[in-house]
1. Nearest 100 Å² is fine: how much accessible area is buried between A and B, summed over both sides, with a 1.4 Å probe?
2. On average, how much accessible surface per residue is there in chain B, in Å², for a 1.4 Å probe, leaving out ligands, DNA and RNA?
3. Could you tell me whether the range B:35-82 comes out rounded, prolate or oblate from its Cα gyration tensor? Rule is a ≥ b ≥ c as square roots of the eigenvalues, rounded for a/c under 1.5, then prolate if a/b exceeds b/c, otherwise oblate.
4. Please identify the longest segment of chain A free of exposed trypsin sites (Lys or Arg not before Pro), where exposed means a DSSP state other than H, G, I, E or B and no more than 12 other Cβ atoms within 10 Å.
5. Starting from the exponent 0.38 and prefactor 2.2 Å, build the expected Rg for chain A from its residue count and divide its actual Cα Rg by it.
6. Rg(Cα) of the protein assembly as shown divided by 2.2 N^0.38 Å?
7. Rounded, prolate or oblate for the range B:1-51? Axes are the square roots of the Cα gyration tensor eigenvalues, ordered a ≥ b ≥ c, and the cut-off for rounded is a/c under 1.5.
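The values are calculated or read from the model by the stated rules, or taken from the named source; none is laboratory data. These numbers come from a predicted model, not from an experiment. Here the Cβ positions follow ideal geometry from the backbone for every residue, glycine too, while neighbour counts run over all protein chains shown. For accessibility, only protein heavy atoms count, side chains too; no ligands or nucleic acids. Shrake-Rupley method; radii C 1.70, N 1.55, O 1.52, S 1.80 Å.
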Amino acid sequence: SQQGEEDPQALSIQEGENATMNCSYKTSINNLQWYRQNSGRGLVHLILIRSNEREKHSGRLRVTLDTSKKSSSLLITASRAADTASYFCATDPYGNNRLAFGKGNQVVVIP
Amino acid sequence: NAGVMQNPRHLVRRRGQEARLRCSPMKGHSHVYWYRQLPEEGLKFMVYLQKENIIDESGMPKERFSAEFPKEGPSILRIQQVVRGDSAAYFCASSPSIKGGTDTDTQYFGPGTRLTVL
């Protein structure tokens, strides 16, 4: 099965609210990354969390990693209309830079 | 420092024609990756190249698809005799180096080429 499978979600929230999305994977990992993709555009790297880390922050982003449950979550606080995008998690299950992506979570932030 | 460049951004081909997709990595990056994204799907790895070498092509179909990254010039993903199922967005990414097996360098993605096969 594919690594980095998010619960495929379409999340619609009001500006200012928090958005949370989840990702699960199946094999052991060295790290997990989250990317954002705006409609019709390429992917932008958001954050990388290593397997020995439990939580990481970057600006309004908070990522958690639970290796016992093989899952990760991405929290966007105080969302803005510009956060409207699809969010993908990706793992490198074999440590060879061959990223495996999930299907993505679509987030719509309503102004 | 310009990001990863891909062209064309949009490509329309009829069945049986050839498609050539080009990718120029970020300056100083010597590793290039190609991914394919079908509608409503995540990206799927196709091939990983260094200058003049194919490192891993395990995600690329054995027939009709080929990739190269010459010493000079961009990386090329070539699809011969395209079929409708080849319609997808093709993304290129680049990274500066590889750390031995325990870390993954961030891959920087280009804007993609959207291939439509009529």
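1. 1900 Å²
2. For chain B, the per-residue accessible area is 50 Å².
3. prolate
4. Segment A:1-53 is the longest.
5. 1.01
6. Here the answer is 1.01, to two decimals.
7. Taking the square roots of the gyration eigenvalues as a ≥ b ≥ c, the range B:1-51 is prolate.
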